[in-house]
Amino acid sequence: MQLEQTATGALPQSKPRLARIDIARGIALIAMAIYHTGWDFEFFGYLDPGTTGHGGWKLFARIIASSFLMLVGFSLVLAHRQGIRWRPFGIRLAQIAAAALAITLATWFITPDSFVFFGILHEIALASVLALLFLRAPIPVLLIAAAVVIAAPFYLRSAVFDHPALWWVGLSTINPRSNDYVPLFPWFGAVLAGMALARLFERFRLMPLLQNGTGLPLLDRPLQFIGRHSLAFYLIHQPVLISCVFLFSQLFPPHATSPQTIFARSCEQSCAANNGAQFCRRFCSCVIGELEKADMFDDVFAGRIDTQSDPTVLEIAGACTSRSELPETETPR
């Protein structure tokens, strides 16, 4: 089973298999495993909180997700260019939906404060259905639609979508807590871009370029195998990785760091995206102090308080912002 073909249907048997598509899928899966290894080390305390959610790690994760979704669109065109094959499409859509539900239930049990309610599998299932509407669309329409979907979160965010039941759309004014959040906007744009790419390959008769491997059997064979069994790899790899890191932590426990230090690092890392380093240090130190005075730090650190909606936390953040907005030569009294 393949990650995207679980939702789109296998290629017709009369068509030669495109080895380089399997290899590309295998490379993306290996990259995903590397990212998840970093996430697991962060989860167990070997990396600072928020490490894999910022900077190069964040870019790495987005490239991986984009590549998967482009392959979904590419494979949809290949699988249904002669007409939608409803039976295999329905069977594989049910498989991917069941796998998505399993991910939701498992993460709800393990990390209820940040469970996966709409991750990559959920997006693949929904996008595969919506993409059927674009199968016969001209290439320019696909490209324009992709650009509109990708740009939508920058211009169409609204409080109308702030209800949790609408978070899957991706246009809310808040960022939901989730270990894997891949909403419809902007990620459906990657599927449409993949469809446009496949149509371009067809238009210019470039599909034969994808039939052969790289000529390196030691790489091609394992990557093709992984690519052809991508759903199984996706479902199995993370439990295996997290088990390995857990065993590692029993032999070599991470260095104990105080919750205040961990919170400060994460706070400063998030703050630094839009503010200077000195402001962030003052702001985060102020927030920690005020939360401790209010006897709320432990609950905030443990995720038992929603920092984006709790009125006391918002009041503390506002007050600390005002106190921290001092000239660089001044110090608060």
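The values are calculated or read from the model by the stated rules, or taken from the named source; none is laboratory data. Being a predicted model, the structure only gives us computed values, none of them experimental. Glycine gets a Cβ as well: all are built from the backbone with ideal geometry, and neighbour counts include every protein chain shown. For accessibility, only protein heavy atoms count, side chains too; no ligands or nucleic acids. Shrake-Rupley method; radii C 1.70, N 1.55, O 1.52, S 1.80 Å.
Quick notes on this one:
- Filter result (open to solvent by 20 Å² or more (accessible area, probe 1.4 Å) and in a loop (DSSP other than H, G, I, E, B)) within region 15-46: Lys15, Pro16, Arg17, Phe44, Gly45, Tyr46
- Residue in region 129-144 that is modelled with pLDDT of 95 or more and farther than 26 Å from Arg85 by Cα present: yes
- Under the condition of being open to solvent by 30 Å² or more (accessible area, probe 1.4 Å) and under 26 Å from Gly56 (Cβ atoms), the residues counted in region 280-300 number 2.
- Flag if Ala256 is exposed (fewer than 13 other Cβ atoms within 10 Å of the Cβ), within 23 Å of the chain's Cα centre (by Cα) and closer than 27 Å to Phe44 by Cβ: no
- Qualifying residue in region 92-113 (condition: under 19 Å from the mean Cα position of the chain (by Cα), within 22 Å of Arg25 (Cα to Cα), basic (Lys, Arg) and open to solvent by 50 Å² or more (accessible area, probe 1.4 Å)): no
- Failed condition for Arg136, given (1) surrounded by fewer than 15 Cβ atoms within 10 Å (Cβ to Cβ); (2) within 19 Å of the chain's Cα centre (by Cα); (3) closer than 20 Å to Phe201 by Cα: (2)
- Evaluated against (1) open to solvent by 50 Å² or more (accessible area, probe 1.4 Å); (2) without any contact (Cβ under 8 Å) to a residue 40 or more places away in the chain, Tyr181 falls short on exactly one condition, (2).
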